[in-house]
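Data block below; observations after.
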Amino acid sequence: MRVLLTNDDGISAPGLQAARRALREVDGGFQWHADQRLKGVPEVRLTREQVRAFVERVEAPALMVLAEESPFRGTDLYDEMIGAFDKIETVVLPGSHHLHLEGAQGEIAGLVRKFLAQPSSSNG
């Protein structure tokens with residue numbers, strides 16, 4: 001049996017990719033299969049203060065690519081952590097939380113290549 005998932009069904013492109021990866025064929029049809037590690041509680045959970053202390057000690061230049069429609073963009077925690085980096089370049093691209101699945105892979109790769117090609121002293 002073969003199931004054809006298309007955008008004609010009103011599924012967003014990231015949702016379509018996720019669905020294709022997460023479906024597996026079983027006797028009698030298909031079953032949703034997700035990586036259970038994504039649902040579990042992490043073995044180590046850092047406090048906000050611990051994360052900030054770590055970020056403040058990062059001396060290397062950093063690149064943050066943010067999605068314009070990300071539910072995290074503009075939140076107090078994200079703004080605080082981005083501001084805690086000594087040298088950070090932030091780029092906002094159109095898209096949602098799954099920006100890397102929405103066709104921006106090439107643009108993201110170009111940004112990373114450009115960032116890595118810069119001398120360390122000019123990043124930030």
Self-check item: First in the range 101-118 and farther than 24 Å from Ala60 by Cβ, second anywhere and open to solvent by less than 40 Å² (accessible area, probe 1.4 Å) and part of a helix (DSSP H, G or I), Cβ under 7 Å, 6 or more apart
Solution: Leu101/Pro14; Glu102/Pro14
Practice problem: Tally the residues that are modelled with pLDDT under 95 and assigned to a strand (DSSP E or B), restricting the search to the range 63-86. | Solution: 4
Quiz item: Does the range 63-71 include one or more residues that are exposed (fewer than 11 other Cβ atoms within 10 Å of the Cβ) and either touching a residue at least 12 places away in the same chain (Cβ under 8 Å) or out of contact with any Phe, Trp or Tyr (no Cβ under 6 Å at 6 or more places or on another chain) (or both)?
Solution: yes
Quiz item: What residue, among those in the range 91-105 that are open to solvent by 70 Å² or more (accessible area, probe 1.4 Å) and under 25 Å from Gln118 (Cα atoms), is farthest from the chain's Cα centre (by Cα)?
Solution: Pro94
Practice problem: Filter the range 76-90 down to residues that are out of contact with any strand residue (DSSP E or B) (no Cβ under 7 Å at 6 or more places or on another chain) and within 16 Å of Arg57 (Cα to Cα) and give me whichever is surrounded by the most Cβ atoms within 10 Å (Cβ to Cβ). | Solution: Met81
Practice problem: Filter the range 106-123 down to the residues that are open to solvent by less than 70 Å² (accessible area, probe 1.4 Å) and outside any helix (DSSP H, G or I), then identify the one that is modelled with the highest pLDDT. | Solution: Gln118
Quiz item: Does the range 16-34 contain any residue that is modelled with pLDDT under 65, outside any loop (DSSP other than H, G, I, E, B) and out of contact with any helix residue (DSSP H, G or I) (no Cβ under 7 Å at 6 or more places or on another chain)?
Solution: no
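The values are calculated or read from the model by the stated rules, or taken from the named source; none is laboratory data. Note that the structure is predicted; figures quoted are calculated from it, not measured. We place every Cβ from the backbone using ideal geometry, glycine too, and count neighbours over all the protein chains shown. In case anyone asks, the SASA skips ligands and DNA or RNA and just uses the protein heavy atoms, side chains included. Shrake-Rupley method; radii C 1.70, N 1.55, O 1.52, S 1.80 Å.
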